Amino acid sequence: MRALRETAASLIRPRSAKPGKRILLERIPPLWRRLSFLKKATLRNMFRYKIRMVMMLVGIGCSSALIVTSSTRGFRPISSSARLTKTRRIWRI
């Protein structure tokens, strides 16, 4: 029924985005004023799209876990050059 009442031009236009809500940090003026525009936009987007934020935190956690586990001796594969230095004498020029 809505389509019959409106004009064709208004039906073709894309719908406007939902208005953004204020986040908790915006209610703390001294802290919010010190942030740059880019940081403010990043924080707003993080809290507006919660699933993206969760996926971002999971990705950061997984990559950090890979770095930590690869730096320990038990999970790091021994390279072939390390094996050579243990078994053969390598001539250095």
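Any read-out appearing in this document is the output of simple, stated calculations on the displayed coordinates, not a laboratory observation. Computed from a prediction, not measured in an experiment: that's the story for all the values here. Here Cβ is always computed from backbone atoms with ideal geometry, including for glycine, and neighbour counts include all displayed protein chains.
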Exercise. R0 = 35 Å: FRET efficiency of LYS18 with ALA65, Cβ-based, nearest 0.05?
Worked result: 0.50
Exercise. In segment 1-43, which trypsin sites (Lys or Arg not before Pro) are in a loop and have at most 11 other Cβ atoms within 10 Å, using DSSP for the loop call?
Worked result: ARG15, LYS21, ARG22
Exercise. So what's the projected area for segment 29-69, the Cα convex hull averaged over all directions, in nm²?
Worked result: 3.8 nm²
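List the chymotrypsin sites (Phe, Trp or Tyr not before Pro) within segment 1-63 that DSSP assigns to loop and that have no more than 14 neighbouring Cβ atoms inside 10 Å. It would help to have the intermediate numbers written out before the result.
Working: sites: TRP32, PHE37, PHE47, TYR49; in loops: TYR49.
In loop regions of segment 1-63 (DSSP not H, G, I, E or B), the sparsely surrounded chymotrypsin sites (Phe, Trp or Tyr not before Pro) are TYR49.
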Problem set entry | Residues of segment 1-42 with amide N under 18 Å of a point placed 7 Å along Cα→Cβ from ILE51 | 18
